[in-house]
Structure formats: C-alpha cells, structure tokens
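The values are calculated or read from the model by the stated rules, or taken from the named source; none is laboratory data. Please read these numbers as outputs of a predicted model, since none were measured by experiment. Every residue, glycine as well, gets a Cβ built from its backbone with ideal geometry; the counts of neighbours run over all protein chains shown.
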Amino acid sequence: MASNQPRPTKAERREAARAKAQAMREEQERRERRARITRRSLLGIGGLAVAGTVAAVVITERNKGAVGGKIVTELASGEGFPATIRADGSLVFGPDLQPGTSTDGAQNLHIYFDYACHHCANFEQLHKTEFETLLEDGKINLVLHPSRFLGSSWSDMVCNAMGVVLDQEPTSAFAFHQAVMARFAELYAIGDYSSITAESVTQAATEAGVSDAVVEQIGSAITANTYGAWLDLCDTTFAEIPITGTPTVALGTEKLELADIATETGITDRL
C-alpha cells in the first residue's frame, strides 16, 4: 500500500543530514567532556598491568606531575610492544622521519594525544608540514604520546595498526600517522561515525604507501589486539601526568598554549 506522506524535498533531506551530523558532533563533545572528568579515576580503579619490568620501573620513577622533558631512553620490553616504543609508551621520530631515532641537541616536542580526538587531528593537519621540515632539519625530536583518553575503539585499532607498521615497515610509520589522523578528521567533519572501522584504518595505511603485505597483517593485529600491552602502558603513563585534554603540547619542559601556536609556523616561531 502506498504511503500518503509526501516525499521529503532535496532541501529537507539536506537539512536533516546537517542536523544529524550536528547531533553526532555534539555527542562527541559530550564524550570528550565526560572523559576528561572520569579518566583519572577509571585508570586508578583499573589497576592496569604493564608488561615488562623496564616499563614498570620507568613509570614508577617518573617525576609525577610533569609533562615534556627529556626523551625516555629505555625501551619497553615484553610481548605486545613494537620494537621502537620507549618505556613510557612514547614513539620518537628523529631525522629522516625514522621512528626510534633522535637528534642530539634538538629540542623535544612532546604531543600527548588520542587518535580519536578531532582536535588532535586538526592540530596534526595544521602542523604536519612544519613537523616534517623541523625533523629533517634536525631542529626537533617529535615525541608522540598516544592514549585512549576518549575510550574510543578507533584508538585501539590505530595503535594496533601502528604497531604492525613499526615492526614490519618502519619507514612508513610517519606517513601512516599523518594519514590516519587525516582520515579521522575527514570522518569527523562529515559526521560519518559508521566508518570508524578497521577497514578505514587499512585504507589510511594504503594511502600512506604501506605495502599490501603489511596492510594484510594490520587486520589480524586489530582483531587479536596484538599490541594491547602498549595501549595499557600508555594508559598508565597518562594516569601519572596532569593531562586534562588532548592535544597537550610541550616544548622541552614548557607546556605550550595551543592558541599561541595556532599557525603553520607556530612551533618554529618558538624555537
């Protein structure tokens, strides 16, 4: 039986789509606010275990309440950690955009972020060319501190994928980091949360030039949570420092205000 209801016009359908996207954005903002309030207590209750004695020792001996500072030199040990991950869960990029390397005498730029944070994705998009230039010129070491600040499955999927890339094709790690950030920024902008999937992660890997053989391994790692120990270590690190929002950025030991570096050369201007 045919419906007597008139079919929505194109303008009405467009307006409904905009309203739906706006509602999804507002829900994401609410999730971020809730995460900022509850993250520290949840992590404390969880009593997360860290695989590897080196990682546990470094977290215990950290100067609590501080962001930034020197690069942790020890590597995380045990199963579930990419080979180049430091004992605080950080990933360091140095000259030639190579993970696990650093430039002596360069300033350490620490970024505490969540792959599911659209503010982090926008920050990355704004500064990605600047990061490449400063790294290649030996001006900074880029110290990435990933987290599950927002409790999104996207962060788990991306970090498991990054673990595969770091272990199997490290030369593609920096490009993959940028590509997956760009992918999330795109999905958030259009409100397409149905595409927060492993397939989107592998598409970003392909766009970053990761080889087909490694891309195939990414799906299996996501399903198996192969690098879950790394994620747990990142959670433990974040519980030890006063992070109330992402991204949090520090140049050396100086925490930077995002508004003060909100240009394409904002970091360069502070060096």
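For the range 70-89, the set of residues classified as in contact with a Leu (Cβ under 9 Å, 6 or more places away or on another chain) and surrounded by fewer than 23 Cβ atoms within 10 Å (Cβ to Cβ) consists of G80, A83, T84, D88, listed by residue number.
The number of residues in the range 198-227 that are among the hydroxyl-bearing types (S, T, Y), within 11 Å of A179 (Cα to Cα) and free of Cβ contacts under 8 Å to residues at least 40 places away in the same chain comes to 2.
Matching residues to (1) at negative phi; (2) basic (K, R); (3) touching a Cys at 6+ places or on another chain (Cβ under 6 Å):
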| position | (1), (2), (3) |
| --- | --- |
| A179 | yes, no, no |
| I190 | yes, no, no |
| T197 | yes, no, no |
| G209 | no, no, no |
| A221 | yes, no, no |
| T246 | yes, no, yes |
| T253 | yes, no, no |
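Please verify whether L150 is at positive phi, touching a helix residue (DSSP H, G or I) at 6+ places or on another chain (Cβ under 6 Å) and in contact (Cβ under 8 Å) with a residue 60 or more places away in the chain, treating the condition exactly as stated. The answer is no for L150.
Across the range 217-260, the qualifying residues are those that are part of a helix (DSSP H, G or I) and touching a strand residue (DSSP E or B) at 6+ places or on another chain (Cβ under 9 Å), and the one among them that is surrounded by the fewest Cβ atoms within 10 Å (Cβ to Cβ) is L258. Of the residues making up the range 130-179, those that are more than 15 Å from I111 (Cβ to Cβ), of a type outside the set (G, A, S) and over 17 Å from the mean Cα position of the chain (by Cα) number 8. A single member of A189, A213, A204 is modelled with pLDDT under 95, aliphatic (A, V, I, L, M) and either buried (at least 23 other Cβ atoms within 10 Å of the Cβ) or over 30 Å from A66 (Cβ atoms) (or both), and it is A189.
Against the numbered list (1) in contact with a Gly (Cβ under 7 Å, 6 or more places away or on another chain); (2) modelled with pLDDT under 95; (3) small (G, A, S), G228 comes up short only at (2). Of all the criteria given as (1) part of a helix (DSSP H, G or I); (2) in contact (Cβ under 8 Å) with a residue 12 or more places away in the chain; (3) surrounded by fewer than 19 Cβ atoms within 10 Å (Cβ to Cβ), the one not satisfied by E264 is (1).
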